[in-house]
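What follows is a set of notes on a single structure, which appears directly below.
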Amino acid sequence: MRNPLSSTRFMQGLFESDYVRSLVVGTVSVFGLLGLLGLLFPDSVAGDLARIVFSTSTATSTARLAAPIVLAGLGGIFAEKSGVINIGLEGLLIISAFVSVYAASVVGIGSAVLGVPAVAVGFLAGIAASTLLSAVFAVVCIEFKADQIIAGLAVWLIALGLAPFMSTVFFGGVNTPNLGSDATIGWGTSATLVILATAGSWWLLNRTAFGKHLRAAGENPKALDTVGVSVSKVRYAGVLLSGFLSGIGGSALALSIGQFVGAGETMVQGKGFIAIVAYLFGNYNPLGTLGAGALFAGLDAMQIRLQQLGYAVPDTLVQTIPYVMVIVVLTLVGRTQIPEAAGEHYETEE
């Protein structure tokens, strides 16, 4: 008997969707064409773009910027696959980013709690804060059957106001002091977290009974209820996973620079909403979400380098690209298959 978790079967499963395969082939083709044009015309705009795209600094920036997008996107998949639309991912990233820096500063850089370094304490605290906020969201939506869109917006707005306010209370300003290089995590750690979370999410969704229950809760909750599985418990688990993964993303983002920035849209800068676009772009496939998140983060990293070279590329224009791309790609390549019961409340028949 062949091992269902063998590398061959694993890769086949990752690329089982024609839609995902089309996206992968298209992305590789674009990069190949750009590289070729860069070699043929090194002094042109294409040459500058090629040097930026294939540079080490762009790769490291992309890894850092992609972490919150991909991780929150993976969390969004679990929530929406279970039937709960969580558009509060932005708020979860914000609250975890602040709490991670705050907890690390309370412990003190260079100090530890029960042998756990301050950075790790901050990282875990950020995850806990995001998971707790997602639990509140889950209770409001599942137990009290509130409108999921309104509740998700409330999560975002609460975090958007609460995090800078708490920063002002504890640090005297909306931006926290920088904890220093000893309180940061490297881009390699962010990349590792993203890869492990993507592989783990794919396995959980496609190779476990929980994944089957999760999909049933979002597609046909009545059938799941009929076989004796609690739809509410499955949905709670899906939403809590969205908070857990978003907490990893927000903590990684803040601790990658050792500071929380609460000015304007905060340092998260819409990455939670781009995460929603990423998993829609990837058609609820973890691998597609990883690719979309890396692409959007790469575009952000590129525009910074282009401005350094003298190209006047507004960052606000770059921020609209993910939303435009998902509309174009979904129109030309495929159609996102939204879970049929997503956003619908379910009353158990017990």
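The values are calculated or read from the model by the stated rules, or taken from the named source; none is laboratory data. Please read all numbers here as calculations on a predicted model, not as lab measurements. With ideal geometry, Cβ positions are generated from the backbone for all residues, glycine too; neighbour counts draw on all protein chains shown. For the accessible areas, the whole protein counts, side chains as well, though only heavy atoms, and no ligand, DNA or RNA atoms are used. Shrake-Rupley method; radii C 1.70, N 1.55, O 1.52, S 1.80 Å.
I need the full set of residues from the stretch 52-77 which are polar (S, T, N, Q) and touching a helix residue (DSSP H, G or I) at 6+ places or on another chain (Cβ under 9 Å), in order please.
Ser55, Ser57, Thr58, Thr60, Ser61, Thr62 - these are the residues of the stretch 52-77 that are polar (S, T, N, Q) and touching a helix residue (DSSP H, G or I) at 6+ places or on another chain (Cβ under 9 Å).
Among Leu255, Leu245, which is touching a Ser or Thr at 6+ places or on another chain (Cβ under 9 Å), farther than 22 Å from Glu80 by Cα and among the hydrophobic types (A, V, I, L, M, F, W, C)?
Leu255
Helices (runs of 4 or more DSSP H) wholly in the stretch 52-163 with at least 1 residues that are basic (Lys, Arg) and at pLDDT 95 or above - which ones?
56-81
Being open to solvent by less than 10 Å² (accessible area, probe 1.4 Å), under 19 Å from Leu153 (Cβ atoms) and touching a helix residue (DSSP H, G or I) at 6+ places or on another chain (Cβ under 9 Å), is that true of even one residue in the stretch 281-300?
No, the stretch 281-300 contains no residue that is open to solvent by less than 10 Å² (accessible area, probe 1.4 Å), under 19 Å from Leu153 (Cβ atoms) and touching a helix residue (DSSP H, G or I) at 6+ places or on another chain (Cβ under 9 Å).
Scan the stretch 144-168 residue by residue and report those that are aromatic (Phe, Trp, Tyr) and either open to solvent by less than 70 Å² (accessible area, probe 1.4 Å) or touching a Leu at 6+ places or on another chain (Cβ under 7 Å) (or both).
The answer is Trp156, and nothing else.
Give the residue that is nearest to Ala292 (Cα to Cα), with candidates limited to residues of the stretch 268-279 that are of a type outside the set (Val, Ile, Thr) and surrounded by 23 or more Cβ atoms within 10 Å (Cβ to Cβ).
Within the stretch 268-279, the match that is nearest to Ala292 (Cα to Cα) is Ala278.
Can you tell me how many residues within the stretch 202-227 are hydrophobic (A, V, I, L, M, F, W, C), open to solvent by 20 Å² or more (accessible area, probe 1.4 Å) and more than 19 Å from Pro286 (Cβ to Cβ)?
Looking only at that region, the number is 2.
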